[in-house]
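*Asks:* Okay, handing you the structure first.
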Amino acid sequence: MYKLTKSLGQNFLVNKGIKGLMVESLQVKPNDVVVEIGAGTGALTEILLSQVNIMDTEFFIVEYDSRFINDLKNLCSSKSNFKIINQNILDWLPVFTPDKKFKIIGSLPYYITSPILHKIIKHVGEITTCVFLIQK
């Protein structure tokens, strides 16, 4: 088990019902592009892997904390359509230029929710669905 890093506002999503509801609400379809913000220990990634068997869907799993990257790579190793990105979402999202509209999912730390939403707003017209859990 990983220790939370307070400076990153980390809280790990553990409620199975909420995780499932979030992935279900995203309504992933064939040929979608999906961005997961702050994958952490892979709580949502794991559900996406188990419930979404769509090979022609592209997944970008963006995680800033390098402690989680190897575990996320191992988790997604059997799926070539899952790309793990070790970057700050605030730096990565502005330069993300997919060929088609995309969907976003994530459990956002309270202190960085507003800056993330500001970056997302700049993609207006390019995003079809956002599913977020915002921490209290």
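The values are calculated or read from the model by the stated rules, or taken from the named source; none is laboratory data. Remember, it's a predicted structure, so these values are computed and weren't measured experimentally. Because the Cβ atoms are built from the backbone with ideal geometry, glycine has one as well, and the counts that use them run over all protein chains shown. These area figures cover heavy atoms from the full protein model, side chains too; ligands, DNA and RNA do not enter into them. Shrake-Rupley method; radii C 1.70, N 1.55, O 1.52, S 1.80 Å.
*Asks:* Working out 0.36 nm times the residue gap between I18 and E46, then minus their Cα-Cα distance, what length gain in nm do you get to one decimal?
*Replies:* Answer, rounded to one decimal: 8.7 nm.
*Asks:* In addition: For region 63-136, rounded, prolate or oblate, judged on the Cα gyration tensor with a ≥ b ≥ c (square roots of eigenvalues), a/c < 1.5 rounded, else prolate if a/b > b/c?
*Replies:* Oblate, since a/c reaches 1.5 and b/c is not below a/b.
*Asks:* So, one more: Run the numbers for D91 and K73: contour at 0.36 nm per residue of separation, minus the present Cα-Cα distance, in nm.
*Replies:* 4.4 nm
*Asks:* Here's another thing I want to ask about it. Starting from the Cα-Cα distance between Q27 and K100, subtract it from 0.36 nm times their residue separation and give me the gain in nm to one decimal.
*Replies:* Gain on extension, Q27 to K100, equals 24.6 nm.
*Asks:* Considering only DSSP beta bridges whose two residues both sit in the chain, what percent are antiparallel, to the nearest 5?
*Replies:* Expressed as a percentage, antiparallel bridges in the chain total about 0.
*Asks:* Okay, next question. For I104, list long-range residues whose amide hydrogen, built 1.01 Å from N in the peptide plane, is under 5 Å from its own amide hydrogen.
*Replies:* Close amide H contacts, sequence-distant or interchain: V35, T129, C130, V131.
*Asks:* Here's something else I'd like to know. Looking only at T113, T45, T97, which one moves most when the chain is put into a Gaussian network model with springs between Cα atoms under 10 Å?
*Replies:* Most flexible of the set in this elastic network: T97.
*Asks:* Restricting attention to region 81-130, which trypsin sites (Lys or Arg not before Pro) occupy a DSSP loop and are surrounded by at most 16 other Cβ atoms within 10 Å?
*Replies:* Answer in residue order: K100, K101, K122.
*Asks:* Give me the percent of the accessible area of the chain that comes from carbon and sulfur atoms, probe 1.4 Å, all protein chains in place.
*Replies:* Heavy-atom surface of the chain belonging to carbon and sulfur, 1.4 Å probe: 53 percent.
*Asks:* What are the ³J(HN,Hα) values, in whole Hz, obtained from phi via the Karplus relation 6.51 cos²θ - 1.76 cosθ + 1.60 with θ = phi - 60°, for each residue of region 70-75 in sequence order, with x given for Gly and Pro?
*Replies:* 4, 5, 5, 4, 5, 4
*Asks:* When the Karplus curve 6.51 cos²θ - 1.76 cosθ + 1.60 is applied with θ = phi - 60°, which whole-Hz ³J(HN,Hα) does each residue of region 61-68 get, with x for Gly and Pro?
*Replies:* Ordered by residue, 3J(HN,Hα) equals 9, 9, 9, 7, 6, 5, 4, 8 Hz.
*Asks:* With a 1.4 Å probe and all protein chains left in place, how much accessible area per residue does the chain have, in Å²?
*Replies:* Ligands and nucleic acids excluded, the result is 56 Å² per residue.
*Asks:* Given the options G42, G20, G106, state which has the largest fluctuation in a GNM of the chain using a 10 Å cut-off (strictly under) for Cα springs.
*Replies:* Result: G20 has the largest fluctuation of those listed.
*Asks:* What list of ³J(HN,Hα) couplings, whole Hz, do you get for region 34-49 from phi and the Karplus terms 6.51, -1.76, 1.60, once you set θ to phi - 60° and write x for glycine and proline?
*Replies:* Here the 3J(HN,Hα) series is 10, 10, 9, 9, x, 5, x, 7, x, 4, 7, 4, 4, 5, 4, 5 Hz.
*Asks:* For the chain, set up a Gaussian network in which alpha carbons nearer than 10 Å are linked by springs, and say which option among V35, V23, V124 fluctuates the most.
*Replies:* Between V35, V23, V124, it is V124 that shows the largest mean-square fluctuation.
*Asks:* To continue, here is another question. Classify region 30-106: rounded, prolate or oblate, from the alpha-carbon gyration tensor (a ≥ b ≥ c, eigenvalue square roots; a/c under 1.5 rounded; otherwise prolate if a/b is larger than b/c)?
*Replies:* oblate
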